[in-house]
Each structure stands twice: as C-alpha cells, then as structure tokens.
1. In nanometres, what is the gap between the two model label sites at Ala47 and Glu452, each 7 Å from Cα along Cα-to-Cβ?
2. Given 0.36 nm per residue, what is the gain on full extension from Glu123 to His271 after removing their alpha carbon distance, in nm?
3. Spin-label point model (7 Å from Cα, Cβ direction): what's the Ser85 to Ile512 distance in nm?
4. Cut-off 19 Å, label point 7 angstrom out along Cα-to-Cβ of Tyr464: give me the residues of region 503-522 whose amide nitrogen falls inside.
5. Which of Ala454, Thr510, Gln488 sits farthest toward the positive end of the charge dipole of region 440-513, with +1 on the Cβ of Lys and Arg and -1 on the Cβ of Asp and Glu?
6. What is the magnitude of the charge dipole of the chain about its Cα centre, with +1 placed on the Cβ of each Lys and Arg, -1 on the Cβ of each Asp and Glu, and no other charges, expressed in debye to the nearest 20?
7. Pulled fully out, how much extra length does the chain show between Arg305 and Gln111, if you take 0.36 nm times their separation in residues and subtract their Cα-Cα distance?
8. Extension gain Glu286-Gln142, at 0.36 nm per residue separation less the Cα-Cα distance, in nm?
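Please treat every number below as a calculation from the coordinates, not as lab data. If you're wondering where the values come from, they're calculated on a predicted model, not measured in any experiment. Cβ placement follows ideal geometry from the backbone for every residue including glycine, while neighbour counts extend to all protein chains displayed.
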Amino acid sequence: MDSTTLILIGIAGLVVGFVIAKFMEKGKASKIIANAKKEANSILKEAKIEGENIKKDKIFQAKEKFLELKAEHEKVILNKDKKISEAEKRTRDKESQISNELAKSKKLNLQLEGKLRDVSHKEEYYNKKQTELEKLHKNQVQQLEVISGLSAEDAKSQLMESLKETAKTDAMAYLQTTMEEVKLTAQQEARKIVINTIQRIGTEEAVENCVSVFNLESDDVKGRIIGREGRNIRAIEAATGVEIIVDDTPEAIILSCFDSVRREIARLSLHKLVTDGRIHPARIEEIVRKTEKQIEQEIVEIGKRTVIDLGIHGLHPELIKAVGRMKYRSSYGQNLLQHSREVAKLCGVMAAELGLNPKLAKRAGLLHDIGKVPNTEAEVETPHAILGMQWAEKYGEKPDVCNAIGAHHDEIEMKTLISPIIQVCDAISGARPGARRQVLDSYIQRLKDLEEIAFAFGGVQKAYAIQAGRELRVIVESEKVSDDKAAQLSFEISQKIQTDMTYPGQVKVTVIRETRSVNVAK
C-alpha cells in the first residue's frame with residue numbers, strides 16, 4: 001500500500017473515532033440532563049411545600065394581629081363606654097341634687113313668705129300697742145303733773161340733782177377708804193413686787209480677766225527682760241506682785257495677776273524699761289515706784305472726773321479713790337466704772353420719775369459696787385455689798401445710801417425706797433445686751449430650756465428662742481388651739497418661764513396661730 005492509501009485509512013480511522021466519541025458524549029449529556037430535571041423537580045416540590053408553610057404562618061400571624069387589634073379596640077370602646085356611663089351618672093346625680101335643692105328652696109320660700117306675713121301681722125299689732133301705750137303714758141304724765149304741780153322736765157332735773165349728791169357722797173367715802181388702805185399697804189406691796197422681780201434676775205458667772213499681753217518689737221527683748229540668770233524678771237515680779245510668763249509666743253509676754261491695778265503698773269513699767277533700754281534690778285525698782293505714783297494720781301483724777309460728771313458733791317477722798325480704782329476692775333466682763341456710771345444715771349432718772357431725791361439715788365448708784373475693789377486680803381472674804389456699806393458708813397455717808405449699797409443683793413433688809421431702785425438699775429445695766437459675757441454652754445442651755453417649756457404645753461407645733469433668749473416664738477396647730485386658747489397659752493407659758501427659770505431682763509412670749517384653706521380647681 002502506498003502512502004496515500006495509508007493517509008486515507010488514517011483519516012478514516014480518525015473520523016470513525018470522532019464519531020464514536022461524539023456518540024458517547026451525547027449519552028452522558030442525556031443522563032446529566034435527566035438528573036438535572038429530577039433535581040429541578042424535587043427543588044420545585046420543596047419550594048412549593050415551603051411556600052405553603054410560609055403562607056400558612058403569615059395567615060396565622062395576620063389572624064393573631066387582627067385578634068390583638070380587635071381586643072384593644074374593644075378595650076378602648078369599653079373604657080369610653082364606662083366614662084360615658086360615669087358622666088351620665090354624675091349628670092343624673094347633679095340633676096337629682098339640683099331638683100332636691102329647688103324643692104328645698106321652694107319650701108323655704110313658702111316658709112319665709114308665711115313668716116313674713118306673721119311678722120307683718122305682729123308689727124301691725126305692736127304698732128297699735130305702742131300707740132296705745134304712748135297715749136296711756138301721756139295721760140299718766142299729765143295726771144302726775146297735775147297732782148305734783150311740776151312738769152316732767154322739772155321732776156327729772158330734781159331727781160338728777162339728788163342722785164348726783166348721793167353718788168358724790170358715796171364716791172368720796174369709797175375714795176377715802178381706798179386711799180387709807182393704799183397708804184397702809186402701798187409701800188410694802190411695791191417693795192414685794194420689786195424684790196420678787198429682782199429675785200429671778202441673774203447672770204451666769206464668767207471668768208474675770210486675769211491676764212494681760214505685753215507686745216514686744218522683737219524676741220530679742222525677751223532675753224533682756226529675763227536678765228542674767230533671771231535676775232531682771234525676778235526683780236519685776238517682786239516689785240509689782242505680777243507673775244510674768246515668757247513662752248514661745250512670738251513677740252509677746254504674758255502678765256498674770258488677779259489685781260488689774262498691779263497688772264497695769266507692771267505693763268506700764270515694762271513699757272518704760274523697754275523704751276529706755278536700761279533694764280537692771282535697781283532701774284526696775286525705780287521705774288515701778290514712779291509708775292505706782294502715776295497710777296495712784298491717775299486713779300484719783302478718774303474718781304474726781306467721774307464725781308464731777310455725775311454732779312455728786314462732798315464725797316470722801318477715800319471713796320473717790322475707790323471710784324477711780326473701778327476703772328481697772330471688771331465684773332462678768334463688764335467694766336466696773338462704766339457699770340457704776342450707768343447705774344447712777346439710771347437711778348437718778350428713776351428717782352426723779354418717782355418723786356424721790358435724784359442726787360441721793362445717783363450717789364448710792366455710783367457707790368453700790370465699791371466693795372468690789374478691796375484694799376486688803378481680809379476684805380476679800382466679805383460680800384462686796386456688805387463691804388461697800390461698811391466703807392460708806394466709815395466715810396460718813398447717809399443711812400439711806402448705806403442701806404441701798406448693802407441691800408442691793410438682799411444681804412440685808414431694805415429700809416428705804418432708794419434701795420429697790422438701786423437693785424433694779426443694777427440689774428438693768430447688767431442685763432443690757434452686750435454688757436456682760438456669758439458662758440456659751442449655759443447660754444445655749446437657757447435657750448433649750450425656753451423651747452422645752454413651750455413644748456410641754458399641748459398643741460405646740462414649733463418653738464424658737466430668738467433675740468438672744470429675750471423672745472420666745474411659739475407656733476401652734478390651728479386645729480387644736482383656738483384664738484382664745486392661744487392668748488391663754490401665751491400667758492401660761494410666760495408664767496411658767498417666770499417661775500421655773502432664772503434669766504436677765506425679760507422674755508417676750510409670742511404665740512402664732514395660722515389657718516390655711518386650700519382647694520384645688522380641676
């Protein structure tokens with residue numbers, strides 16, 4: 001076979017192979033298509049089933065939503081029906097109430113018309129009776145005038161004159177009797193009232209000023225004041241009788257002594273020594289002696305100025321010196337000289353108002369506390385009122401002044417009218433706001449006691465002690481306490497405070513009752 005034949009045979013073989021391959025691929029494709037159709041059918045079936053399920057679920061949910069909306073709608077309708085029925089019921093109630101009130105008003109109108117008719121009938125009847133009585137009265141007056149021979153006006157004037165004479169006689173007799181009783185008891189009763197008032201007046205005891213501070217320009221001066229081995233400070237303490245305390249306080253030393261005059265001598269002496277710069281025992285003694293003389297002269301000058309200012313004459317020099325020493329003494333934190341001057345002025349005014357001797361009252365007021373400036377240690381143990389009375393007697397004061405000095409704290413019996421005046425004015429000066437110190441704890445306790453007394457009464461809602469304890473404001477419950485009872489409660493609280501407490505001056509009790517009416521517009 002030649003090459004051409006072989007090529008043709010090869011080509012024929014390839015064609016046959018290609019045809020066979022094509023037939024084989026066609027069979028596989030048909031199988032794949034059949035399988036795909038099966039899968040598509042199954043997917044369609046599943047999709048139809050799932051669509052039916054979804055459809056059923058959506059229909060069920062729509063039914064549930066419909067039922068919910070229907071229930072809510074029915075609930076809203078029921079609420080509206082309920083409100084409408086309530087409104088109708090209220091309307092019916094109001095209509096019935098209005099009809100009842102109209103019926104009552106008709107009845108009342110009928111009753112009022114009947115009463116008005118009765119009143120008009122009675123008025124006519126009384127008018128007739130009045131005219132008849134006036135006629136009878138005129139007839140009787142005419143008959144009396146004929147019988148007595150006097151007119152009605154003349155008889156009335158004679159009767160008035162006789163009644164005036166009788167009333168005047170009785171009034172004079174009653175006035176005479178009353179005046180005699182008052183003269184017998186007035187002085188004693190007035191003294192009792194003043195003493196009872198003073199007995200409840202008092203102030204708490206405060207610490208006296210026993211310390212003075214001496215300021216220095218620098219701490220280097222402290223060493224010079226102390227001196228070598230402390231000889232300078234010992235010399236100052238021995239010469240003045242004052243304890244000198246040198247501590248870590250910067251640029252200051254402390255002077256301690258119960259006698260304010262000694263403290264003042266020590267303060268002035270230290271000032272002179274520090275200013276001069278020469279500080280040694282001999283110089284210290286010299287300066288202290290000069291300062292003592294200066295203070296003594298100043299005390300006398302102060303006493304003389306005070307006596308002249310108050311218009312008091314003929315006072316013994318020793319008493320003038322005692323008055324001057326008051327400047328360096330305090331009582332409960334209040335300067336004794338200022339206090340005595342206040343008391344003297346108040347006594348003069350009060351005595352003038354009462355028709356007593358104002359100069360004598362001023363004298364007693366100025367000297368009432370001279371016993372608080374004793375000269376010796378033995379005199380300290382004697383009460384200052386008794387000591388002052390003894391000094392006044394010693395230096396020739398009148399018995400009225402001596403009795404007023406000794407009795408202003410009830411150590412002895414009051415024998416003159418000036419004595420209670422001194423006692424009252426002493427309390428007024430001491431009780432003046434800001435005049436004296438008070439211990440904080442006792443002050444707070446007094447305010448608490450005031451409020452507790454108010455709370456002890458029924459119906460009290462709140463209580464406040466104000467004006468430094470000089471006023472008590474009480475708020476009561478208006479349902480429990482009436483207006484009349486509020487006034488009575490104020491009086492009872494004031495009496496309770498007066499009997500149970502000790503306080504300076506007076507306490508004003510104010511009871512507040514508030515009524516509130518509240519309504520709400522709907």
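1. Modelled inter-label distance: 9.8 nm.
2. Working: separation 148, 0.36 × 148 = 53.28 nm, distance 10.38 nm.
Fully extending the segment from Glu123 to His271 adds 42.9 nm.
3. Each label point is offset 7 Å from its Cα along the Cβ direction, giving 5.3 nm.
4. 507-516
5. Farthest along the dipole direction, towards plus: Thr510.
6. Numbers: 83 positive and 80 negative charges, 706 e Å.
The calculated dipole for the chain is roughly 3400 debye.
7. Length difference between fully extended and current span is 60.7 nm.
8. Details: separation 144, 0.36 × 144 = 51.84 nm, distance 11.42 nm.
Length gained between Glu286 and Gln142: 40.4 nm.
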